[in-house]
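Before any comments, here is the structure.
Every read-out reported here was derived from the displayed coordinates using simple, explicitly stated rules and does not represent laboratory data. Predicted model only: the values in this text are computed from it and were never measured. A quick note on method: Cβ atoms are made from the backbone with ideal geometry, for glycine too, and the neighbour counts reach across all protein chains shown.
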């Protein structure tokens, strides 16, 4: 436990150092870089350093504390927080849905080689479809779905699109993990005349976890991206995606404001990935250290 | 009733294809209850294949394998044997006790019964205080003892071992051989044991089966007249060396034959 705590502390420290480094680079360039950007043969290759293009880091953060619109008593922080919370719930729904679908697909593909050969190429193709093209389709399909009193809520479309991005890394990682059990262990289970499902639960899933965790981490952030993009492209109100669009429109007059929403989205993605890491540390607490990812 | 009966068994991999490999041809072997039989031979002689046929992890191309008077399939379904491999193959995510309980879990035993049996097995392999440890916290020799405890947890009448001590250092290896004999004497288990080591085969076995490759077949069976009580002192006695010489000659004879064959081809 002490070693674990020490590693957690070390990682947190390195994370903070990395953050500080980004701030230092941003501010150094802002102080030293050309105000109108650097041009080479008429092409602008260095960004402008003006207040509009690159607000100070402290301006971005102080913007959190000031009112969202002039005269309002609601701060930007409150808006970003509630937007992030809204999107977080949609992302979790998308992540869970994507996880169930991804793991389910992986299990079926691991069980039936034929399914794997037939389905896997389509999964790869599915990820090349632009999310923005898909978003209106999902909304219109969802709008037509009505099972008795159950009506497709608008937010569900965003979660479905989150799931659409999340399921792929989860399916591929889990599939790889399910094939990772050593041959001798598989023979051992065979020698016990263990059924396929018993082998899956007692051997294959435990050996798959080191492969599944990075996949779920990717899936968690993919779900956030899916939800944010879906919010923007379907015009769903209340989430962080909507805030980014709204604040970006005000960028000429209030350049720091849009960064608050971007920070909110980043914090959202980190929170999702952090939850997965916490689960990983818990699940793998009794494994030899080298197998912890 | 013999513990294992192998009649006219042949096994070919990739049968009927250009890359067909005759792993075993016309093998006959009978192992009596309570007997300790070693299979020895160079790589590719089919000794591991033979063990897997007994375990029904492979099906013979022709011939019959019976275990405890049943077909090999039925014996596997009834878990009439336990198996141990070169790698202990313990599950990292289970405690030592839960590893030993694995075959009992799969048989549907109740938790208190499993626990009692696991403790009994831990006593048998003399590691009673390590039940709550995780496998990776144990040395290689200890892990292998746990693997043996797991193989014997359901009290199977037959133990199949595929070079179980191959990855251990010489000192640990000799100690483990003594332990295995003690455990088998205590439980009356029949053992079929695959090894590369001549002294190991002789020290452990009632009979040593010498096999040769391409195609895999039995070339010689050496009876080891060392009696039931074998101690470290056994390794210094004349019958031990005589048996080693007999096995070595069996292996060498086949080697000479191979060299001769090679020359004829040219």
Helix axis angle, B:111-124 relative to chain B longest principal axis, alpha carbon, degrees:
60
Calculate the spin-label point distance for residue A:237 paired with residue A:249, positioning each point 7 Å from the Cα along the beta-carbon direction, and give it in nanometres.
1.2
For segment B:1-150, treating each Cα as an identical point scatterer without solvent, what Debye log10 I(q)/I(0) comes out at q = 0.11, 0.13, 0.16 1/Å?
-0.54, -0.73, -0.97
Among A:70, A:242, A:176, which one moves the most in a GNM of chain A with springs linking Cα atoms closer than 10 Å?
A:70
Quick one: if you stick a label point 7 Å off each Cα along the C-beta vector at residue A:2 and residue B:35, how many nm between them?
5.7
Efficiency of FRET between residue A:112 and residue B:110 - r from beta-carbon atoms, R0 45 angstrom, step 0.05
0.85
State the extension gain, in nm to one decimal, for the chain segment bounded by residue A:180 and residue A:137, taking 0.36 nm per residue of separation less the distance between their alpha-carbons.
11.7 nm
Evaluate peptide A:189-198: per residue, the Cβ atoms of other protein chains within 10 Å of its Cβ; return the mean as an integer.
6
Hey, in the GNM for chain B with a 10 angstrom Cα cutoff, which one of B:67, B:21, B:224 fluctuates hardest?
B:21
I want to make sure I understand the PRE zone here: with the label point 7 angstrom from the Cα of residue A:154 toward its beta carbon, which residues in segment A:63-107 have backbone N atoms less than 16 Å away?
A:83, A:86-87, A:90
What number, in percent, do you get for the relative contact order of segment B:87-155 if the mean sequence gap of Cα pairs under 8 Å and at least 6 apart is divided by its residue count?
50
Helix-only estimate, please: 222 nm mean residue ellipticity of the protein assembly as shown, summing -39500 (n - 2.57) across DSSP H runs of length 4 or more and dividing by its residues, to the nearest 500.
-19000 deg cm²/dmol
At q = 0.17, 0.19, 0.30 Å⁻¹, what log₁₀ I(q)/I(0) does a Debye calculation on the Cα points of segment B:22-69 give, no solvent, two decimals?
-0.52, -0.66, -1.47
To the nearest Å, what is the center-to-center distance of segment B:114-161 and segment A:159-238, using C-alpha atoms only?
33
I need the semi-axes of the equivalent ellipsoid of segment A:1-54: take the C-alpha gyration tensor, multiply each eigenvalue by 5, square-root it, list largest first in whole angstrom.
39, 10, 7
Short to long, in 10 Å steps from zero, the percent of alpha-carbon pairs of the protein assembly as shown per bin is 3, 13, 18, 18, 14, 11, 10, 8, 4, 1, 0
Please compute the alpha carbon radius of gyration of chain B, then divide it by the globular-protein estimate 2.2 N^0.38 Å. Two decimals is fine.
1.04
Per residue, what volume in Å³ does the Cα convex hull of segment A:28-114 take up?
208
Just to be sure I understand the model, the point goes 7 Å from the Cα along the line to the Cβ. What's the resulting residue A:82 to residue A:32 distance in nm?
4.4
Ranked list, fewest to most other Cβ atoms within 10 Å of each Cβ, for A:68, B:15, A:231:
B:15, A:68, A:231
Expressed as an acute angle from 0 to 90° and rounded to the nearest 10, what is the orientation of the C-alpha long axis of helix B:140-152 relative to the principal long axis of chain B?
90
Quick one: helix B:238-265 against the long Cα principal axis of chain B, what's the angle to the nearest 10°, folded into 0 to 90?
50
Looking at chain A as a GNM with Cα springs under 10 Å, which of A:43, A:276, A:107 has the largest mean-square fluctuation?
A:43
